[in-house]
Structure formats: structure tokens, C-alpha cells
Amino acid sequence: MIVEKRMMRNPVFVDEDDSMKIAMDILKDREIRHLPVLKGGDKLVGILSETDIKQASPSPATGLEIREVYYLLDKVKVKQIMTRRPYTVSPDAPIEDAALMMREKKIGCLPVVEKGRLVGILTETDILDAFIDSMGVRGPGHRIELALPNRPGMLFDVAKLLKDFDANIVSVATASHEDPERKILILRIETKHYKVLKTAIKKSGYDILSAD
């Protein structure tokens, strides 16, 4: 799966010379947490988040009246409080690479840029939706988690066993095991013979870590 399939296309944005008040209103009205910042209508120069705005907002301890606060917010420019040179991703990048970048850089979104032009934005919610769909959570079937020897051919062996019970694989994923000699296999399967299949899996020597 690539970023293009999950990103929000034509995202709302602000200009670097827009006021902080305008940005706040957009975030509130659109119920979003990040805004790409453009210069001249097409050049990405920054990203503005709710956190940036909170840090730049006057503290209630100042005792300012509402009209005074609004006056100040209208004078502060987006370019004064935005995060400059944001991390970006291309639309054809694997979504797992984008997820890894967001995790390692501790950021909540990635502007999607193609040939220097903003074409979308990828957020944490988009990543979670992709994960949910990949795991088949919204679909039918049973979830079963196995611990297998970490050697070539094990997935093929499990697939043959599932075929014997007319089980259809809805989704498949792997994860690391605390024992480097083993691997965790997470399956969502459809079958009319689930209970019998679980018994056959145990008899085949596979450890069932969890099953619904």
C-alpha cells in the first residue's frame, strides 16, 4: 500500500502571511489538527499544528480581555509560529515507511509532496485506518495468533493446513517474538470448521497464543 491510497487529497492550507486567528478558525471549523503552510500559493514552507498555536497563545494569567486577545491573534503571522522545513513524503512511498518516519520523528502528520507541489497530507488517523483495513478488523472471520519456528516455508505449511479445512485467509501479518528462533503469525480467517481447525493446528505442533 502506498501513501497516495491513504492520504487526504487537496488538503486545506494557510498562507505564511495569514494571521494566527485565521489558522485557529480553520482548525476549529474543519476539526483538524495540522495545516500545511504555503508561500505564493504552491510552495510548502512549513506546517502549523494545534500545539504551535497553543504555545503561541496568550496565557489566561495575563488577564487580557477577549477583544485584546483577538487583537493580538490577528497581528501574529503564521510564519512566526509555524514549524519550518517540515518532513515530507512522496505519494508513491510505502505507507509503512511513512509510519516509521512519523514514529521516529515524533510527528503527527506528513505533507505529501510531488515535484515540489503539495498534493496531500497523511495523518496518524490515516495510518491507523490503513492498519485496521490491513488486519481485516471490520470484516468477517476469526482471529488467531500463532508462534512458529522462524525458518523458511512455515507460512506455506500453515496455508496448506488452512486449505485442508476450506479456510479463507482474510488478512495475514507477522510480528517479532521474544525468542529470535520464533515468529508470531497473526491471521484472520473465514471457515465453517473453526473449532476443528484450531484442534488440528495444535496437533500440528503450532502454539496458539490467542484465538477468538
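Just so it is clear, none of the values below were taken in a lab; they were calculated from the coordinates. These figures come from a predicted structure and were not determined experimentally. Positions of Cβ are generated from backbone atoms using ideal geometry, with glycine treated the same way; all protein chains shown enter the neighbour counts.
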Q | Geometric extent, Cα atoms of the range 139-211 - Rg, Dmax (angstrom) | A | 11.5, 34
**Q.** Contour minus Cα-Cα distance for residue 5 and residue 208 (0.36 nm per residue)
**A.** 69.7 nm
Q | Mean separation of Cα contacts under 8 Å (6+ apart) over length of the chain, as relative contact order % | A | 19
Q: Treating only the Cβ atoms of Lys and Arg (+1) and Asp and Glu (-1) as charged, compute the dipole magnitude of the chain about its Cα centre; round to the nearest 20 debye.
A: 340
Q. Helix 66-75 versus the longest principal axis of the chain: what is the Cα-based angle in degrees, 0 to 90, to the nearest 10?
A. 90
Q) If each of residue 191 and residue 174 carries a label point 7 Å out from its Cα toward its Cβ, how far apart are those two points in nm? A) 2.1
Q: Please label the shape of the range 1-40 as rounded, prolate or oblate, based on the square roots a ≥ b ≥ c of the eigenvalues of the alpha-carbon gyration tensor (a/c under 1.5 means rounded; beyond that, a/b larger than b/c means prolate, else oblate).
A: oblate
Q | J(HN,Hα) series, the range 138-148, from Karplus relation 6.51 cos²θ - 1.76 cosθ + 1.60, nearest Hz, glycine and proline x | A | 7, x, x, x, 10, 9, 9, 10, 10, 10, 10
Q) Among 147, 174, 76, which residue has its Cα positioned farthest towards the positive end of the charge dipole of the chain, with +1 placed on the Cβ of Lys and Arg, -1 on the Cβ of Asp and Glu, and the dipole taken about the Cα centre? A) 147
Q: Treating the angle as unsigned and between 0 and 90°, give the value, to the nearest 10°, between the Cα long axis of helix 194-203 and the longest Cα principal axis of the chain.
A: 70
Q: Quick one: grab the alpha carbon gyration tensor of the chain, order the square roots of its eigenvalues as a ≥ b ≥ c, and give me rounded if a/c is under 1.5, else prolate or oblate depending on whether a/b is larger than b/c.
A: prolate
